[in-house]
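The values are calculated or read from the model by the stated rules, or taken from the named source; none is laboratory data. A quick note: this is a predicted structure, and the numbers were derived from the prediction, not measured. Glycine gets a Cβ as well: all are built from the backbone with ideal geometry, and neighbour counts include every protein chain shown. Ligands, DNA and RNA are excluded from the accessible area calculation, which covers all protein heavy atoms including side chains. Shrake-Rupley method; radii C 1.70, N 1.55, O 1.52, S 1.80 Å.
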Amino acid sequence: MSTVLISGASIAGPALAYWLHHYGFDVTIVEKADTLRGGGYPIDIRGTALDVVERMGLLPELRAAHIGTRRLTFVNPDGSPIASVNPEALAGGVEGLDLEVPRGDLTKALYAAVRDDVEFLFNDSIATLDDHADGVDITFRSGTRRTFDLVIGADGLHSGVRALIFGPEEQFHHYLGYCFAGFTMHNDLGLSHEGVIWNVPGRGAPLYAVGDSENIHGFLTFARADPPFYAFRDPAAQRDLIASVFADDGWEIPRMVSAMRTADDLFFDVVSQIRLPRWSAGRVALVGDAAYAPSFLTGQGSSLALVGAYMLAGELATNADHTSAFTAYEQATRSFVEQNQALVSEGDAAMFPRTAEALAQRNAALRELSTLRADTAHPAHNALRLPAFTAS
């Protein structure tokens with residue numbers, strides 16, 4: 001029985017573990033956090049990814065967790081409404097078919113599906129990796145040493161496994177020109193099953209209410225020419241940067257900035273994609289955001305993670321060796337990934353226009369969109385038909 005170490009216990013990692021165990025692999029997952037990481041903000045599962053969760057038997061559970069955001073209301077700088085639209089119509093989804101669930105519900109469902117079948121190592125990570133003819137020797141941050149047949153990096157946009165096998169992130173990090181901060185704040189607006197999005201050129205402030213809750217998810221997004229690398233590991237610098245960018249704005253922005261200042265769940269990052277010339281080297285491969293993060297502006301990060309995990313496990317189960325399996329995985333999946341990454345390009349975020357002219361054009365399009373029903377999926381969401389793998 002082949003042994004596989006997966007780095008990352010978010011979405012791609014447990015999904016991959018599920019399918020690898022299904023095909024008879026012995027799986028270990030290492031996760032640097034000391035517990036399962038959740039988060040209540042909504043994520044989407046669309047198109048081909050729906051077939052994956054259905055084959056995992058998770059579709060009924062996730063369907064029950066569906067948030068069902070009723071509308072997204074876009075507002076002017078003074079808070080007056082521009083238009084209210086169906087979320088699926090905006091994203092190119094299908095009402096009644098696509099899923100929108102709290103991120104924590106998906107991670108919990110994936111964890112529950114594998115926790116009794118795979119080994120979890122929380123509060124640890126891969127420190128060194130030595131790939132050789134007979135396996136991969138791993139030294140963990142805890143000091144433990146073990147050898148595995150294969151290692152898979154499912155550890156996100158800032159993947160440590162990717163850095164170990166391919167080098168520094170900067171060479172693969174394609175910055176799309178925006179930064180964002182997410183945090184939880186009190187629902188003083190009384191929002192329910194809806195989102196409100198404020199914009200001025202180059203800045204945006206969405207507020208999302210997941211169901212009927214006393215708390216809502218706030219986001220502050222802004223255009224910036226260069227990534228603020230200095231702030232990535234400095235929460236105080238992040239808070240100062242965000243506050244300075246939104247210092248002169250009105251509406252609910254002062255309250256959002258104040259909540260951001262004190263939030264204990266602040267998440268700050270740049271809007272970027274990972275673009276790699278190849279997804280594997282030797283006995284090590286990447287999946288999900290570690291290999292091909294599409295950015296949150298596409299709404300397809302979770303779906304690509306689920307589909308990529310299914311495809312990688314299937315190819316490992318059906319090919320004679322890991323080299324041919326990794327090649328087949330990439331050949332079968334790369335076009336799907338690239339079509340979804342192409343849903344947004346540098347400086348081209350439809351929800352957060354950079355100029356007054358682009359903002360006016362977007363608002364005009366929103367007024368037309370507000371009269372349409374969401375019944376046509378974006379072709380990229382379904383651009384890959386899942387094969388039925390049979391273990392060799």
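What the Cβ-Cβ distance of ARG385 and SER2 gives, at R0 = 35 Å and to the nearest 0.05, is a FRET efficiency of 0.80.
Principal-axis analysis of the Cα atoms of the chain puts helix 301-318 at an angle of about 10° to the longest axis. Kindly express, to the nearest 10 degrees and within the range 0 to 90, the angle between helix 356-369's C-alpha long axis and the longest C-alpha principal axis of the chain. Taking the Cα atoms of the chain, the angle to 356-369 is about 80 degrees. As a fraction of the 1.4 Å probe accessible area of the chain, surface on carbon and sulfur atoms comes out at 48 percent. What the chain shows is 42 Å² of accessible area per residue, with the surface traced by a 1.4 Å probe over protein heavy atoms.
Taking ALA317, ALA65, ALA290 in turn, the Gaussian network model of the chain (Cα-Cα springs below 10 Å) assigns the largest fluctuation to ALA65. Per residue, the chain reaches -9500 deg cm²/dmol at 222 nm when only DSSP H runs of four or more residues are counted, each adding -39500 (n - 2.57).
Extending 7 Å from the Cα toward the beta-carbon at both ARG37 and ARG278 defines two label points whose distance is 2.9 nm. Taking amide H positions as modeled 1.01 Å from N, with prolines and chain starts lacking one, the residues under 5 Å from THR147 and 5 or more places away or on another chain are ILE138.
Applying 1/(1 + (r/R0)^6) with R0 = 30 Å to the Cβ-Cβ distance of PHE140 and ASP26, what FRET efficiency is obtained, to the nearest 0.05?
Details: r = 17 Å, r/R0 = 0.58.
Computed FRET efficiency for PHE140 and ASP26: 0.95.
Put a plus charge on the Cβ of each Lys and Arg, a minus charge on the Cβ of each Asp and Glu, and nothing anywhere else: the dipole of the chain about its Cα centre is then about 340 debye.
With a simple spin-label model that places each label point 7 Å from the Cα along the Cα-to-Cβ direction, the separation between GLN171 and ASP234 comes to 2.7 nm. Ordering GLN339, PHE296, GLY24 by the projection of their Cα atoms onto the charge dipole of the chain, which places +1 on the Cβ of Lys and Arg and -1 on the Cβ of Asp and Glu, puts GLN339 at the extreme positive end.
Tally Lys/Arg at +1 and Asp/Glu at -1 over every other residue whose Cβ is under 11 Å from the Cβ of GLY299; what's the total? Don't skip to the end; give the middle numbers.
Values: positive: ARG46; negative: ASP44, GLU88, ASP98, GLU100.
For residues surrounding GLY299, the net value is -3.
The stretch 105-158 and the stretch 297-332 have Cα centres spaced 17 Å apart. Amide H contacts under 5 Å for ILE82: PHE74, VAL75, ASN76, restricted to partners 5 or more places along the chain or on a different chain, H placed in the peptide plane at 1.01 Å from N.
A straight chain from ASP149 to ARG334 at 0.36 nm per residue would run longer than the Cα-Cα distance by 64.2 nm. Positive end of the dipole of the stretch 259-386 (Cβ unit charges, origin at the Cα centre): among ALA360, SER272, LEU286, the Cα lying farthest that way belongs to ALA360.
For a modelled paramagnetic label at ASP117, 7 Å from Cα along Cα-to-Cβ, the residues of the stretch 30-57 in reach, with backbone nitrogen under 16 Å, are 52-57.
Compute the FRET efficiency between ALA127 and ASP188 as 1/(1 + (r/R0)^6), taking r as their Cβ-Cβ distance and R0 = 56 Å, and round to the nearest 0.05. Walk me through the intermediate numbers first.
Working: r = 45 Å, r/R0 = 0.81.
E(calc), rounded to 0.05, equals 0.80.
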